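Structure, as structure tokens:
The values are calculated or read from the model by the stated rules, or taken from the named source; none is laboratory data. On a predicted model such as this, the values are computed, not experimentally measured, just so you know. All Cβ positions, glycine included, derive from the backbone under ideal geometry; neighbour counts span all protein chains shown. Accessible surface areas use protein heavy atoms only, side chains included; no ligands, DNA or RNA. Shrake-Rupley method; radii C 1.70, N 1.55, O 1.52, S 1.80 Å.
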Amino acid sequence: MATTTIGAPGVTFPDASVQASAGATGIPVLNVYTSSSTWTKPATIKAIKVTVVGGGANGANASGTAGGGGGGGGGTSVKTYPAPSLPGPQPYTVGGAASSSSFGVAPATVISATGGAGGSGRNGGSGGIGSGGSLNLGGSGGTAASSPSSQAEGGGGGNSSIGGGGASSAASTAGGAGRAYGGGGGGGAAASAGGGAGAAGVVIVEEFY
């Protein structure tokens, strides 16, 4: 009985046909970049989908009986690029806390997303915003701290499109750190607890072959 075998020169099927290379699967290759570098186009690629998320901002420290406001979440920009529109290597930047992330070379291919704004006093910081993409999203703003008192709670950090904001705080505890890419940090609670750190952004490149 004829069987399928794997070996040189490839996969040999029962009808004696041979497949010497992998076929297209329709499943994209997902690259998650957490530090800045350059993306280089593979020769056989058909298109890429890029998502950039700015960094979330830090929550504010409490001051006496006044809790701190939460930091804003980073913005997001998403764009699909056909391979011919990417003539050469494309630099990308991954923003740290409250900093912008970007992909591409201006003006032809660049997309970017700003980081969130930090909490200020009791007030929550505003969210960042995406630009240049086919889909541009704003991060959520951090929430304000509760009214000043010995039990004042810090505000919660704002969410990014893919990242959770840091938890609000109570009973003299520090604000929670941003929980995923672009999440803002929570504000500190009375008395004088520190704000949580915002989470760094991310650049995600999905490759289609």
*Gaussian network model of the chain, springs between alpha carbon atoms under 10 Å - residue of 36, 85, 192 with greatest fluctuation*: 85
*Per the Kirkwood treatment, what hydrodynamic radius in Å, one decimal, follows for region 78-158 from the mean inverse distance over all distinct Cα pairs?*
14.6 Å
*With a cut-off of at most 14 other beta carbons within 10 Å, and DSSP calling the residue loop, which trypsin sites (Lys or Arg not before Pro) in region 29-102 qualify? Please list them.*
46
*Choice from 132, 163, 141 with maximal GNM fluctuation in the chain (Cα, 10 Å cutoff)*: 132
*Please work out the average accessible area per residue across the chain, using the 1.4 Å probe convention, and give it in Å².*
45 Å²
_Going 7 Å from the Cα of residue 192 along its beta-carbon direction, which residues of region 55-83 have the amide nitrogen within less than 20 Å of the resulting point?_
59-69
*Check residue 135: other-chain or 5+ apart residues with amide H under 5 Å from its amide H, H built from backbone geometry?*
78
*asked:* Sequence gap at least 6, Cα distance under 8 Å: using those rules, report the relative contact order of the chain to the nearest whole percent.
replied: 27 percent
_If I stretch the segment between residue 180 and residue 120 completely, what's the gain in nm (0.36 nm per residue apart, minus their alpha carbon distance), one decimal?_
19.4 nm
*Quick one: if the Förster radius is 25 Å, what FRET efficiency do residue 35 and residue 151 give, using the C-beta to C-beta distance and rounding to 0.05?*
0.05
_Listed residues 45, 162, 111, most fluctuating in the chain (Gaussian network, C-alpha, under 10 Å)_ = 45
_How large a share of the accessible area of region 68-209, in percent, is made up of carbon and sulfur atoms when the probe is 1.4 Å and the other protein chains stay in place?_
56 percent
*Quick one: ranking 81, 33 by accessible area, 1.4 Å probe, largest first, what do you get?*
33, 81
_Give me a comma-separated list of calculated 3J(HN,Hα) values for region 183-190, in order, Karplus coefficients 6.51, -1.76, 1.60 applied at θ = phi - 60°, integers in Hz, x for any Gly or Pro._
x, x, x, x, x, x, 9, 4
*Rank-order 69-78, 149-158, 170-179, 120-129 by packing density, defined as the average count of other C-beta atoms within 10 Å over each peptide's residues, highest first.*
69-78, 149-158, 120-129, 170-179
*Would you please classify the overall shape of region 57-119 from the alpha carbon gyration tensor, given that a ≥ b ≥ c denote the square roots of the eigenvalues, rounded means a/c under 1.5, and beyond that prolate means a/b larger than b/c while oblate covers the rest?*
prolate
_If the convex hull is drawn through the Cα atoms of region 123-201, its volume per residue in Å³_ = 61 Å³
*Quick one: what Rg and Dmax do you get for the chain from the alpha carbons, in Å?*
22.9, 83
